[in-house]
Amino acid sequence: MATDGVDKGRRRFLTAATTVVGGAGIVVAAVPFIKSWEPSARAKTAGAPIEADISKLEEGQMVIVEWRGQPVWIIRRTKAQLDALPGQDARLRDPKSTNTDQQPAFAQNEYRSMKPEVLVLVGLCTHLGCAPQLHAELKPEPFDADWKGGFFCPCHKSRFDMAGRVYQGVPAPTNLVVPPYSFIDDNHIMIGVNAEGAA
Ligand code: FES
């Protein structure tokens, strides 16, 4: 009988361990760095545009590609994340993206993107260039009790919403940068070049 108890306890432990490993696997898979997207060293040096395949990017996931030596994030936002954006305006430093240095003209809209669900940002904090972390869930966080998803920079605690708009009262002075980009088709984005006719 004692053995039964041990076995049951062990089974519970294994179940829990498997669940944790499974969860960790999902986190890793949600933020893959897709090596095959990297351009050649020559193209990198020249700052050539790079193509990103987003066909496998699911809702709520982010992938990181490298363009001109900088990380570029591509995130497929959920409806809940998009719906929460207007409610943040009063808490933001530049909710209407009036600083035109921070995004191409096509992204000066409520979503800061060409397609509402697909967000493209340079992944560098506008304070001193650290890498902010994605905190995608709409739930209270230690750094913001009214968090609606977004990016937190642990270096000096700057916060940005799910459109990369900076909150008031943090050291980062401006919204995160939206790089030039264009859609080749629904599943492929060219980073580094605006759509024909787009500013
Ligand atoms: S570098 Fe991000 S808050 Fe300072």
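Of all residues being loosely packed, with under 14 Cβ neighbours inside 10 Å and touching a residue at least 60 places away in the same chain (Cβ under 8 Å) in region 146-185, which is nearest to Ser55 (Cα to Cα)? Just the residue, please.
Ile184
For residues that are under 17 Å from the mean Cα position of the chain (by Cα), of a type outside the set (S, T, N, Q) and farther than 18 Å from Glu59 by Cα, scanning just region 126-140, find the one that is surrounded by the most Cβ atoms within 10 Å (Cβ to Cβ).
Here is the first cut: in region 126-140, the ones under 17 Å from the mean Cα position of the chain (by Cα) are 126, 129-139.
Right, trim to of a type outside the set (S, T, N, Q) and you get 129-132, 134-139.
When the remaining residues are screened for being farther than 18 Å from Glu59 by Cα, the result is 129-132.
Values: Gly129: 10, Cys130: 15, Ala131: 14, Pro132: 24.
Among residues in region 126-140 that are under 17 Å from the mean Cα position of the chain (by Cα), of a type outside the set (S, T, N, Q) and farther than 18 Å from Glu59 by Cα, the one surrounded by the most Cβ atoms within 10 Å (Cβ to Cβ) is Pro132.
Quick check: is even one residue across region 72-81 assigned to a loop (DSSP other than H, G, I, E, B), more than 16 Å from the ligand (Cβ to nearest atom), within 19 Å of Ala172 (Cα to Cα) and in contact (Cβ under 8 Å) with a residue 24 or more places away in the chain?
Scanning region 72-81 turns up no residue that is assigned to a loop (DSSP other than H, G, I, E, B), more than 16 Å from the ligand (Cβ to nearest atom), within 19 Å of Ala172 (Cα to Cα) and in contact (Cβ under 8 Å) with a residue 24 or more places away in the chain.
Give the residue, chosen from Val177, Val170, that is within 14 Å of the chain's Cα centre (by Cα) and within 16 Å of the ligand (Cβ to nearest atom). Lay out the reasoning, then the answer.
On the way: Val170 fails: within 14 Å of the chain's Cα centre (by Cα).
When all the criteria are applied, what remains is Val177.
Of everything in region 142-156 that's outside any strand (DSSP E or B) and either under 15 Å from Gly123 (Cα atoms) or within 12 Å of the chain's Cα centre (by Cα) (or both), which residue is nearest to the ligand (Cβ to nearest atom)?
Applying the filter and picking the extreme gives Cys155.
Output the residues belonging to region 71-102 that are under 17 Å from the mean Cα position of the chain (by Cα) and over 20 Å from Ser182 (Cβ atoms).
Thr78, Lys79, Ala80, Gln81, Leu82, Asp83, Ala84, Leu85
So which residues in region 93-117 are touching a strand residue (DSSP E or B) at 6+ places or on another chain (Cβ under 6 Å) and either farther than 19 Å from Gly149 by Cβ or not polar (S, T, N, Q) (or both)?
Once the filter is applied, which keeps residues that are touching a strand residue (DSSP E or B) at 6+ places or on another chain (Cβ under 6 Å) and either farther than 19 Å from Gly149 by Cβ or not polar (S, T, N, Q) (or both), region 93-117 yields Arg93, Glu117.
Being touching a Leu at 6+ places or on another chain (Cβ under 8 Å) and more than 24 Å from Ile50 (Cα to Cα) is the filter here; which residues of region 60-116 pass it? Reasoning before the result, please.
Taking region 60-116 first, the residues touching a Leu at 6+ places or on another chain (Cβ under 8 Å) are 62-63, 70-77, 80-81, 84, 102, 110-113, 116.
The answer is Ala80, Gln81, Ala84, Glu110.
No value in this document is a laboratory result; all are computed from the given coordinates. Note that the coordinates shown come from a computational prediction; the quantities given were computed from them, not determined experimentally. So basically every Cβ, Gly included, is an ideal-geometry build from the backbone, and we count neighbours across all protein chains shown.
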